[in-house]
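S.K.: First, the structure itself, so that you have it in front of you.
The values are calculated or read from the model by the stated rules, or taken from the named source; none is laboratory data. Just so we're clear, the structure is a prediction, and the values are computed from it rather than from any experiment. Glycine also receives a Cβ, built like all others from the backbone with ideal geometry; neighbour counts cover every protein chain displayed. For the accessible areas, the whole protein counts, side chains as well, though only heavy atoms, and no ligand, DNA or RNA atoms are used. Shrake-Rupley method; radii C 1.70, N 1.55, O 1.52, S 1.80 Å.
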Amino acid sequence: MAHTGNDGKRPTARHLLRREVPSTVAVLADERDFAAMRRYETFAFDDHTAYLRQMEALLRTLAARGVHITVALFDPVGYEEYCAHARLDPDAPASRTRYTAHLAAAGGTVPYEGQPIDRLLPHLIETAERQATWEYASGLLSRSGQCREHCGEARADEAFA
């Protein structure tokens, strides 16, 4: 028997497909980053606490629909750099969604598993810091030059460690 929606009708193919589309949500974890985004007219929030409540409600709603969700840390400085490089208007919601997709592709996201946002944020910050450290170390290693003798994976792993 097919599942029905709240109106008693069978779900449409489009509705069924929506459950197959994962979501990535980028969060402004601290008030300083939140304040930086308030300068954009299209950024609809004016209170960080209310923003976090709305973000948590969104995460719960998506999870209740069976959507797989990952969460990224939204960095306003990184966002500005991304927009400048991609020649995007930073005061456009579409630019924020493209940046969020970029964050998801780059890694550094955490899965949302129903935890309260105050438990999610420290884990998200730690993951973002680890990702940034990894990227920084990769950059240093790539600029260190070529190895003239036996440079194996063990040496690269030691350098990262």
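S.K.: Name the single residue, out of those in the range 60-72 being open to solvent by 40 Å² or more (accessible area, probe 1.4 Å) and on the phi < 0 side of the Ramachandran plot, that is nearest to the chain's Cα centre (by Cα). Let's see the steps before the verdict.
M.R.: We begin by selecting, within the range 60-72, every residue open to solvent by 40 Å² or more (accessible area, probe 1.4 Å); these are 60-61, 63-66, 68.
This time we only want the ones that are on the phi < 0 side of the Ramachandran plot, so: 60-61, 63-65, 68.
Working: R60: 16, T61: 17, A63: 16, A64: 19, R65: 19, H68: 13 Å.
Among residues in the range 60-72 that are open to solvent by 40 Å² or more (accessible area, probe 1.4 Å) and on the phi < 0 side of the Ramachandran plot, the one nearest to the chain's Cα centre (by Cα) is H68.
S.K.: Which of the residues belonging to the range 110-132 are open to solvent by 40 Å² or more (accessible area, probe 1.4 Å), under 14 Å from V25 (Cβ atoms) and within 12 Å of the chain's Cα centre (by Cα)?
M.R.: Once the filter is applied, which keeps residues that are open to solvent by 40 Å² or more (accessible area, probe 1.4 Å), under 14 Å from V25 (Cβ atoms) and within 12 Å of the chain's Cα centre (by Cα), the range 110-132 yields only P111.
S.K.: How many residues are closer than 21 Å to P116 by Cα, open to solvent by less than 60 Å² (accessible area, probe 1.4 Å) and among the aromatic types (F, W, Y) if we restrict to the range 29-49?
M.R.: 1
S.K.: Being under 25 Å from L16 (Cβ atoms) and of a type in the set (A, V, I, L, M, F, W, C) is true for just one of L73, L59. Which residue is that? Even if it seems obvious, please write down each step before you answer.
M.R.: On the way: L73 fails: under 25 Å from L16 (Cβ atoms).
Result: L59 is the single residue among L73, L59 that is under 25 Å from L16 (Cβ atoms) and of a type in the set (A, V, I, L, M, F, W, C).
Condition check ((1) in contact with a Ser or Thr (Cβ under 8 Å, 6 or more places away or on another chain); (2) of a type in the set (D, E, K, R); (3) touching a residue at least 40 places away in the same chain (Cβ under 8 Å)) across all residues:
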position: R10; (1), (2), (3): yes, yes, no
position: H15; (1), (2), (3): no, no, no
position: T24; (1), (2), (3): yes, no, yes
position: E31; (1), (2), (3): no, yes, no
position: R38; (1), (2), (3): no, yes, no
position: R60; (1), (2), (3): no, yes, yes
position: A64; (1), (2), (3): no, no, no
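S.K.: Another question about this same structure. Report yes if L103 is among the hydrophobic types (A, V, I, L, M, F, W, C), out of contact with any Cys (no Cβ under 9 Å at 6 or more places or on another chain) and at pLDDT 95 or above, otherwise no.
M.R.: Numbers: among the hydrophobic types (A, V, I, L, M, F, W, C): yes; out of contact with any Cys (no Cβ under 9 Å at 6 or more places or on another chain): yes; at pLDDT 95 or above: no.
So L103 does not fit the description; no.
S.K.: Which residue, of P76, P90, is touching a helix residue (DSSP H, G or I) at 6+ places or on another chain (Cβ under 8 Å), modelled with pLDDT of 95 or more and open to solvent by 30 Å² or more (accessible area, probe 1.4 Å)? Spell out the reasoning first.
M.R.: Details: P76 fails: open to solvent by 30 Å² or more (accessible area, probe 1.4 Å).
Exactly one residue qualifies, and that residue is P90.
S.K.: Just one of A26, A57 is surrounded by 11 or more Cβ atoms within 10 Å (Cβ to Cβ), farther than 25 Å from A106 by Cβ and aliphatic (A, V, I, L, M); which is it? Outline the logic, then answer.
M.R.: Values: A26 fails: farther than 25 Å from A106 by Cβ.
Answer to the selection: A57.
S.K.: Exactly one condition in (1) modelled with pLDDT of 95 or more; (2) surrounded by 12 or more Cβ atoms within 10 Å (Cβ to Cβ) is false for P11; which is it?
M.R.: With respect to (1) modelled with pLDDT of 95 or more; (2) surrounded by 12 or more Cβ atoms within 10 Å (Cβ to Cβ), P11 is out only on (1).
S.K.: In this structure, is A104 among the small types (G, A, S) and crowded, with 16+ Cβ neighbours inside 10 Å?
M.R.: Answer is yes for this residue.
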